[in-house]
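Just so it is clear, none of the values below were taken in a lab; they were calculated from the coordinates. Just so it is clear, the model here is predicted, and its values are computed rather than measured. Cβ coordinates were reconstructed from backbone atoms using ideal geometry, including for glycine residues, and neighbour counts include every protein chain displayed.
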Amino acid sequence: MESFRVPHFILHDFSDGEESKVIRMILNYAHIPFEVKDIDKDDYILEDYPFYSLPMLEINERKLGNVPSICRQLGWRYELSGQTAGEDSEVDMIAEKTFEARMKIKNWLDHLEHREDHECDKPPGQARYIEVTVSSSVENFSKPMESFRVPHFILHDFSDGEESKVIRMILNYAHIPFEVKDIDKDDYILEDYPFYSLPMLEINERKLGNVPSICRQLGWRYELSGQTAGEDSEVDMIAEKTFEARMKIKNWLDHLEHREDHECDDTCDSDGAVALLESYLLPTLELILRRNTSPWLISTKVGEL
């Protein structure tokens, strides 16, 4: 079934289907028929799936991984996304942070139920606590740029600007002027930022958090996204998995530099960090390039490696 309106969906996931529940919910809500392929955890070929992970949604033989990317594709198809680009970015931000929180809660429930394949993030009794000192500050701009074509950008981040590097790169690539507001880690109001986290990009006073969501908004504005909805989903999948790997590598680098606010996890070990690149990220990107038989990750216009 190759029709755009009635595509052929096959959902691949492990038998418990925990992570794919929201995908099933959207398809059922839209009354869309789909096949389910239960995967045996002890008998499957890891390389068959995008970024060696499940669930995966196959749409007319196009393979999409990463739950938020799949949900974004379905939301676009069945009118469950925002009505404007700005609303789409807010939907992204809320959905991804909610999914992230849900998976953390699931990890806790797996711990309580003593699941065999469960691995604790931190040993019981060693939870992480963050102490925050807050104060207020107001910054006014005499001539805000309200035009849709030339929006007024303010990038909020801590002074090291580590997580916002890719945002700056996109804005600089597109030759877009933007202001930078350095945030003092010891003196800021946590509640001022979406989901109490930084970086944040303010666009004509609309506040957007979550780096992949911000990059998606900028990619749409400055022709750095896919040329079709299918390509957009593949861009999402690659970008989010690459960003996830990058932040894990950053944790290893923070460990080497003895950063004061750094807390070790399994990526602090240099062997683990290198293995993440050699056995996960780089082979996956290479596989995508080989399938495309071109120097581009997606199509012929996006993501030259």
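Below, the figures for the structure above:
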{"item": "Which of 180, 22 has the fewest Cβ neighbours within 10 Å, and the rest in rising order", "result": "180, 22"}
{"item": "Intensity falloff of the stretch 9-77 expressed as log10 I(q)/I(0), Debye formula with alpha-carbon point scatterers, at q = 0.11 Å⁻¹", "result": "-0.23"}
{"item": "Entries in 37/207; 21/181; 37/104 that, when Cα-Cα distance is taken, lie over 29 Å", "result": "37/207; 21/181"}
{"item": "Relative packing of peptides 271-284, 67-80 - highest average C-beta neighbours within 10 Å first", "result": "67-80, 271-284"}
{"item": "Efficiency of FRET from Cβ geometry, residue 110 and residue 181, R₀ 35 Å, rounded to 0.05", "result": "0.30"}
{"item": "Exposure proxy ranking, count of Cβ atoms within 10 Å, fewest first, for 196, 52", "result": "196, 52"}
